[in-house]
Amino acid sequence: MSPFSRREFLKTGVAAGAAVAGAGSLPLQAANKGAATDLVTLGKSNLQVTRLAFGTGSNNGEVQYSLGQKDFSKLVAYAYERGIRFFETAEAYMTPAMLGEALKPFPRDSYTLMSKVTTDEGVDPRQRFESMRRTSQTEYFDIMLLHWQHTDKWVSATARWQDGILAEQERKTIRTRGASVHGLPALRQMPGNPWLQVAMIRMNHNGTRMDGPTWEDNNNPDHRDEVVEHVKQVKREGMGVVSMKLVGNGAFTQHSDRQAAMRFAFRNAGVDCVTVGFKSRQEIDEAIDNLNLALA
């Protein structure tokens with residue numbers, strides 16, 4: 001099937017099917033207005049997720065991996081008990097297998113699983129996605145992102161990966177598609193991109209580890225407002241926005257900064273949801289409190 005015909009198919013087929021994703025057991029606070037564990041809809045994809053996601057990529061997942069499977073599984077279970085129903089990892093992290101194991105006790109339709117694929121050359125996308133499903137012990141991914149897109153040529157450079165994801169959406173092994181970008185040259189390719197359903201964009205109040213003129217992981221306070229405008233642009237176009245770097249890649253050691261970052265992401269930028277990497281129950285509790293306060 002040609003890329004065009006896949007896209008046409010998805011306009012009427014998979015988009016409608018995605019509406020039921022995440023419709024299993026609801027978080028305890030799902031009915032409460034303005035809560036971190038509310039279910040929100042990611043744009044036109046119709047996929048519902050909790051506003052707060054459990055991230056597993058701190059220092060490429062080393063932080064979570066160092067907990068060991070037993071303690072990591074307990075932490076995931078605690079997050080689930082607190083109402084978090086959105087979990088994210090990536091093929092390149094150290095954590096996909098650990099997360100898959102930790103999620104085994106919970107009904108698959110009661111949470112959202114997001115992963116990110118490395119778009120390297122010389123690899124068959126279908127085989128890669130099959131391998132990722134085996135590692136994560138899942139029959140499908142709710143969201144699949146093209147990982148670490150960092151040049152202004154990424155849209156054309158990842159064409160075969162985009163088509164690979166479209167094919168998996170037809171097979172219903174991937175429900176929603178998107179990309180994770182680093183740097184303004186890559187971010188500027190998101191608005192107006194009809195392939196994207198979900199945009200993962202770095203966000204905090206002072207530009208720490210946010211996008212700048214290059215993809216390098218620098219602080220870019222002078223470019224924060226441009227990033228915010230791109231978030232608003234893609235949302236107007238119907239994309240869902242997931243934000244990362246809410247603790248400045250670990251740089252925000254002051255509680256006031258972590259609160260300010262969460263408040264800015266939702267009140268100023270208007271993101272749909274955020275992912276935070278956790279290593280303790282206290283961090284989960286604080287992130288829930290900070291997000292609830294931001295929404296108050």
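Observations on the structure shown:
- Note on the chain: Cα-only Rg and Dmax are 17.5, 52 Å.
- With the convex hull of its Cα atoms as the shape, segment 222-266 has an orientation-averaged projected area of 3.4 nm².
- Among the protein heavy atoms of the chain, carbon and sulfur supply 49% of the accessible surface, probe 1.4 Å, non-protein parts ignored.
- Distance violations [Cα-Cα > 18 Å] among LYS44/LYS245; LYS44/LYS232; LYS44/LYS104; LYS74/LYS104; LYS44/LYS235: LYS44/LYS245; LYS44/LYS104
- Solvent-accessible ranking of TYR111, TYR65, TYR93, largest area first, probe 1.4 Å: TYR65, TYR93, TYR111
- Ranking by accessible area, most exposed first, for LEU293, LEU187, LEU67 with a 1.4 Å probe: LEU293, LEU67, LEU187
- Taking a sphere under 13 Å around the Cβ of ARG258 and counting the other residues whose Cβ falls inside, with K and R at +1 and D and E at -1, yields a net charge of -3.
- Annotation: amide H-H contacts under 5 Å for ILE174 (H modelled 1.01 Å from N, sequence separation of 5 or more, or interchain): PHE141, GLN169.
- Taking a quarter of the surface of the Cα convex hull of segment 127-285 gives a mean projected area of 9.9 nm².
- Solvent accessible area, Å² - ASP289, 1.4 Å probe, full protein context: 90 Å²
- Those trypsin sites (Lys or Arg not before Pro) in segment 165-217 that DSSP places in a loop and that have at most 15 other beta carbons within 10 Å: LYS172, ARG188
- Per-residue 3J(HN,Hα) values for segment 232-241, derived from phi via the Karplus relation 6.51 cos²θ - 1.76 cosθ + 1.60 with θ = phi - 60°, read 5, 4, 5, 5, 4, 7, x, 7, x, 10 Hz in sequence order (x marks Gly and Pro).
- Mean residue ellipticity at 222 nm, helices only, the chain: -10500 deg cm²/dmol; runs of at least 4 DSSP H residues each add -39,500 (n - 2.57), and the sum is divided by the number of residues.
- Peptide ranges 154-161, 141-148, 246-253 listed from the most packed, as the mean C-beta count within 10 angstrom indicates: 141-148, 246-253, 154-161
- For ARG209, residues with placed amide H under 5 Å, excluding near neighbours: ASN219, ASN220
- Cα shape, segment 86-171, gyration tensor, a/c 1.5 rule: prolate
- A simple rule links phi to the HN-Hα coupling: the Karplus curve 6.51 cos²θ - 1.76 cosθ + 1.60 with θ = phi - 60°, which for segment 181-196 gives 10, 9, x, 4, x, 6, 4, 5, 8, 6, x, x, 8, x, 6, 6 Hz, with x for Gly and Pro.
- Gain on full stretching of the segment that runs from SER256 to ASN268 - 0.36 nm per residue minus C-alpha separation: 2.6 nm
The values are calculated or read from the model by the stated rules, or taken from the named source; none is laboratory data. Given the structure is predicted, the values throughout are model-derived calculations rather than measurements. So basically every Cβ, Gly included, is an ideal-geometry build from the backbone, and we count neighbours across all protein chains shown. Just the protein is used for accessible areas: all its heavy atoms, side chains included, with ligands, DNA and RNA removed. Shrake-Rupley method; radii C 1.70, N 1.55, O 1.52, S 1.80 Å.
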